[in-house]
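Below is one structure, written out as structure tokens, with a few remarks after it.
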Amino acid sequence: MEVLVVSVNRLTEPVPVLPLGACAAAEAAERAGHRVRLLDLLSEGDPLGRLRAKLSRRRADVVGLSVRNLDNAEWSAPASYVPAAAQAVAAAKAAGARVVLGGAGVGVMAEALLARTGADAAVAGDGEDAFPAVLEALDSGGADPGAAVWRRPYSGPWRFPRLERWLDLKAYASRFAAVPVQTKRGCPFSCVYCTYPGIEGRDYRLCPPAEAAAEVERLGKVGARDVEFVDNLFNAPRDHALEVCEEVARRRPGLRLHSVDLSPLTLDDELLGAMEAAGFAGAGVTAESASDPVLERLGKGFGAADVHRAAEGLRRRRIPTMWVFLLGGPGETRATVAETLRFAETSLGPSDAAFFNVGVRVYPGTALEGIARDEGVLDGTEDLLDPTFYLSPALDPEWLLRTVNRAVGGNPRFLGPSMPLRWLLPLVRRVGYAAGLRPPLWRHSGRLRRLVTLPRRPT
Ligand code: B12
């Protein structure tokens, strides 16, 4: 069949991300014998016009719509991307194609998204086996895909799509986007708000470390300079991360490595040393809080002492770190907010930054959904496909936002929802890259913010 895979994600914050999953789905369809094209709508001024034009130039039997983000998960400025996905479905259908949804967003809420967009079928979770199976069902069964939502966890050999075949890696690099590599799937943790076990399953599926390192090296050969591990948590299981780093270091690819999701729990000195040797230029620690009662209620599986220990370990190494916090969750009070802000003020290394998320997105089937209902934060009438948030009833939302904004305004290395000059980001990226700045962009946030807020000379 003629298949067009479309990545509908157009969000460029905090940085644009390469549609790795869409490429994986496209290659899976190709391996199954279909003729496949990929359309990346990230930078299209008129995305629907572009989609229509592509379909009128050459028709597609099936459009595979990759929906990564349902929304921006921002409590203070929520934006839903479901309407745009529904418009893309309608445009594809009007051009005579059948539409199959896939992508991380579908893994979060497949049935609801399918109903809202009017697509023909949806793949929740891995696409490697499921997408070819849906295509086969559509090919042999006519209009009826057989089932609305397909779930087929993939357990075959680890596969890395050849991203450079489908995407312009240089264009992404110039916007500070690192090339993604996934080295595992599955998450056994029980954070109350999180969707990862739902999307990827609870059992680990690990890419052999040598294969992961070979992919990193290969990407270097096709022009990548920054590679980002996009595992749900890079350092869990800890020994797998260690082996990946050791294998990469052995190959000396000379690339800058990144990962945004590290747990403080298993961030010991041996692993940090291996990360440094492999070429890590930036790491994100998703601590969420530095306060015990909140960490406990979030179900993080670690405490404030682990957060402090990880910070000490990181300061001894030369790995710039982005600390990611989630304020306003269950158990959060003024005192716990103060404790986390104090940690950020006092524990960051000289090249570190901190990002403060405010409010917790509630996803169906998570423990947080139950907590929100029990505490009366949700009354059961909400449609969770629309951005819906939990905020601790012990806090005044305005106080929380004001407090975070004040902290962010007062510290150039703090980033948050209402960051000063946030609208300047695309320009900062363009100018910064041309001026020789390289990822991670947040590492330069202190200097950049000081630069744009320099006191004016008295006239
Ligand atoms: C790593 C990650 C990040 C990194 C990305 C780094 C990078 N260089 O890519 C960072 C931290 C930057 C990030 C940022 C954001 N993220 Co994020 N991220 C993830 C994470 C953990 C993994 C994504 C990934 O790359 N997976 C690996 C690939 C291979 O898997 P995949 O894309 O799912 O593709 C598979 C299937 O989905 C399927 N598939 C994919 N496309 C298609 C198409 C078809 C047709 C078919 C059939 C199948 C199919 O097959 C693929 C192979 O099996 C997911 C959670 C998760 N566990 O999935 C969240 C996740 C995608 N992120 C999410 C969000 C919200 C965001 C942000 C908006 C947060 C914010 N406010 O900053 C931003 C948006 C960034 C942007 N510009 O779009 C949400 C999206 C849900 C939602 N609420 O909308 C997720 C699901 C987490 C969550 N909260 O539930 N993220």
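The values are calculated or read from the model by the stated rules, or taken from the named source; none is laboratory data. As the structure is a prediction and not an experimental result, all values here were calculated from the model. Every residue, glycine among them, receives a Cβ derived from its backbone with ideal geometry; neighbour counts consider all protein chains shown.
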Checklist outcome for this item: Exactly one of Pro180, Pro197, Pro188, Pro161 is within 25 Å of Val63 (Cα to Cα) and not in a strand (DSSP E or B), and that residue is Pro161
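Answer yes or no: is there a residue in region 203-210 that is under 17 Å from Pro439 (Cβ atoms), part of a helix (DSSP H, G or I), out of contact with any His (no Cβ under 9 Å at 6 or more places or on another chain) and more than 13 Å from the ligand (Cβ to nearest atom).
Step one: filter region 203-210 for residues under 17 Å from Pro439 (Cβ atoms), giving none.
No, region 203-210 contains no residue that is under 17 Å from Pro439 (Cβ atoms), part of a helix (DSSP H, G or I), out of contact with any His (no Cβ under 9 Å at 6 or more places or on another chain) and more than 13 Å from the ligand (Cβ to nearest atom).
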Item to check | helices (runs of 4 or more DSSP H) (entirely within region 1-115) containing at least 2 residues that are away from the ligand (no atom under 11 Å from the Cβ) and not acidic (Asp, Glu) | outcome: 47-57, 82-94
Checklist outcome for this item: Of those in region 214-229 that are of a type outside the set (Asp, Glu) and surrounded by 21 or more Cβ atoms within 10 Å (Cβ to Cβ), the residue nearest to Pro264 (Cα to Cα) is Phe229
Checklist outcome for this item: Of the residues in region 186-231, those that are touching a Gly at 6+ places or on another chain (Cβ under 7 Å) and among the charged types (D, E, K, R) number 4
Checklist entry - Is it true that some residue in region 161-182 is farther than 30 Å from Leu437 by Cα and surrounded by fewer than 17 Cβ atoms within 10 Å (Cβ to Cβ)? => result no
Checklist entry - Before we move on, is Ser418 within 30 Å of Arg175 (Cα to Cα) and surrounded by fewer than 20 Cβ atoms within 10 Å (Cβ to Cβ)? => result yes
Checklist entry - Any chance region 242-261 includes a residue that's within 16 Å of the ligand (Cβ to nearest atom) and at pLDDT below 95? => result yes
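Is region 152-166 home to any residue that is among the aliphatic types (A, V, I, L, M), in contact (Cβ under 8 Å) with a residue 12 or more places away in the chain and under 26 Å from Arg50 (Cβ atoms)?
For region 152-166, residues among the aliphatic types (A, V, I, L, M), in contact (Cβ under 8 Å) with a residue 12 or more places away in the chain and under 26 Å from Arg50 (Cβ atoms): present.
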Next on the checklist: Criterion first (touching a helix residue (DSSP H, G or I) at 6+ places or on another chain (Cβ under 6 Å) and free of Cβ contacts under 8 Å to residues at least 60 places away in the same chain) does Val100 satisfy it?
Outcome noted: yes
Next on the checklist: Just to be sure I understand the filter: pairs with C-beta atoms under 9 Å, separated by 6 or more residues or on different chains, first member in region 200-214 and outside the structural domain of Pro237 (by TED's automatic domain parsing), second member assigned to a loop (DSSP other than H, G, I, E, B) and of a type in the set (S, T, N, Q). Which pairs pass?
Outcome noted: none
Item to check | Condition check for Pro157: modelled with pLDDT of 95 or more and near the ligand (Cβ under 10 Å from one of its atoms) | outcome: no
Next on the checklist: Report every pair of residues separated by at least 6 positions or lying on different chains whose Cβ atoms are under 8 Å apart, first residue within region 435-446 and closer than 13 Å to Val15 by Cβ, second basic (Lys, Arg).
Outcome noted: Arg438/Arg225; Arg438/Arg256; Pro439/Arg256; Leu441/Arg429; Ser445/Arg413
Checklist entry - Would region 402-413 turn up any residue that is crowded, with 19+ Cβ neighbours inside 10 Å, at pLDDT below 85 and closer than 23 Å to Phe355 by Cβ? => result no
Next on the checklist: Looking at region 351-371, I want the residues that are more than 10 Å from the ligand (Cβ to nearest atom) and aromatic (Phe, Trp, Tyr) and have a partner that is part of a helix (DSSP H, G or I) and at pLDDT 95 or above with Cβ atoms under 7 Å, at least 6 apart or on another chain. Which pairs are those?
Outcome noted: Phe356/Val404
